[in-house]
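Take a look at the structure below.
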Amino acid sequence: MRLLTERVEQVTAEHLDAMERQGPPVDLVKAYAEPIPALMICELLGVPFADRELFQRHAVTVNSNDATPEEKYAAFAGLQGYLGELVRAKRRDPTDDLLSDLTTGDLTDEELTNVGVLLLGAGVDTTANMLALGTFALLSNPAQLAALRAGPGLADRAVEELLRYLTITHTGVRTALEDVELAGQVIKAGDSVAISGQAANRDPARFADPDVLDLRRPATGHVSFGHGVHQCLGQQLARVELRVAFPALVTRFPGLRLAIPAEDVPLRTNSDIYGVHRLPVGW
Ligand code: HEM
């Protein structure tokens, strides 16, 4: 993933150039937060970026709480159909990318299609929200924004702290395989437990002043990428993108500011992945 840094820097700079050409105000979600992670995951997997409209819409519907179960299934099936065709094309005519590489292993078309669905879906609708919501958090905390602008060396820590502070995903539910005692409570084998990464990441016993955004704190140990065997497979890709994209944005536009009142920013409360629907900015 580290080898990708240069390409992420290039893609990021191109999007900042385009924002400059367009002039303010710009919706940061459309102009910056969505296309950069989407382009990177497309290049890695070998998915045509030109099809982004289609698969981004499906990926958003799969995570949406406004969609009915039927609509979610249809969106998932749409992604499967799209990637299934692509997998068959890669088998016939391999190119230099991850999906083509995986066709040389012993995965069936169905397995490979589902790997593709998971990677593409998780790749387009997560980092994008982190970037947009993270920028909103920085704009709402001017001292922190100034610290990041003054010291791009702070980027690694800043990204971990923003991941902790915002905790954009729900980890969901786990089922105990055996009786487990946790903080004086016995969770019986077979019982289901809803996990709150948000609560864990704001546990005052683990992080001092947890409700404060402090980019200088060593926020390692947060659970924003989950924990254990199912910990996020894409976390190093997300880190590379975020470590480049936040400092690049705030240094390119020293006067970056919200173009609408903070309370009017539409929050993405209708999705399993938290964020903002739009983030109009000026500079
Ligand atoms: C800031 C961005 C991201 C966040 C906050 C995030 C968060 C998470 C979380 C919390 C989990 C664990 C889910 C669970 O335990 O049930 C997870 C799993 C996963 N993530 Fe991410 N993710 C991000 C970016 C990505 C990207 C860019 C990719 C793809 C390249 C990706 C691919 C995956 C996959 C494949 C899994 C499932 C791993 C497994 O079940 O073994 N994620 N992610």
(message) If packing is taken as the average count of other Cβ atoms within 10 Å, what order do 177-184, 247-254 fall into, highest mean first?
(response) 247-254, 177-184
(request) About the Cα centre of the chain, how large is the charge dipole given +1 on each Lys and Arg Cβ and -1 on each Asp and Glu Cβ? Please answer in debye to the nearest 20. (result) 760 debye
(request) With springs only between Cα atoms under 10 Å apart, run a GNM on the chain and tell me which of Met130, Met19, Met40 wobbles the most. (result) Met19
(message) I need the phi-derived Karplus couplings for the stretch 207-212: 6.51 cos²θ - 1.76 cosθ + 1.60, θ = phi - 60°, integer Hz, Gly and Pro marked x.
(response) 10, 5, 6, x, 7, 9
(request) For the stretch 106-230, just run the numbers: alpha carbon Rg, then divide by 2.2 N^0.38 Å, N being how many residues it has. (result) 1.31
(message) With just the Cα atoms defining each centre, how far is the stretch 148-187 from the stretch 1-68? Give it in Å.
(response) 25 Å
(message) Eigenvalues of the Cα gyration tensor times 5, then square-rooted: what semi-axes does that give for the chain, in whole angstrom, largest first?
(response) 30, 28, 18
(message) What lysines does Lys30 reach when the alpha-carbon gap must be under 27 Å and sequence neighbours fewer than 8 apart in one chain are set aside?
(response) Lys72
(request) Would you mind telling me which residue in Asp106, Asp214, Asp272 has the biggest mean-square fluctuation in a Gaussian network model of the chain, where springs connect alpha carbons within a distance under 10 angstrom? (result) Asp106
(request) Choose one answer from Glu241, Glu160, Glu111: the residue with the largest mean-square fluctuation in a GNM of the chain with alpha-carbon springs under 10 Å. (result) Glu111
(request) Please name whichever of Pro37, Leu139, Thr68 sits farthest to the positive end of the charge dipole of the chain, dipole taken about the Cα centre and charges placed at Cβ: Lys and Arg +1, Asp and Glu -1. (result) Leu139
(message) Can you compute the modelled spin-label distance between His170 and Thr95, with each label point 7 Å from Cα toward Cβ, in nm?
(response) 3.6 nm
(message) Starting from the 7 Å offset along Cα-to-Cβ, what nm value, one decimal, do you get for the label separation of Gln231 and Thr5?
(response) 2.1 nm
(request) Under 15 Å Cα to Cα from Lys90, which aspartates and glutamates show up? Leave out anything in the same chain fewer than 8 places away. (result) Glu43, Asp101, Asp106, Asp109, Glu110, Glu111
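Where a number appears in this text, it was derived from the coordinates with a stated rule and is not lab data. In this text the structure is predicted, and so the values were computed from the model without any measurement. Reconstructed Cβ throughout: ideal geometry from the backbone, glycine too, with neighbour counts over all protein chains shown.
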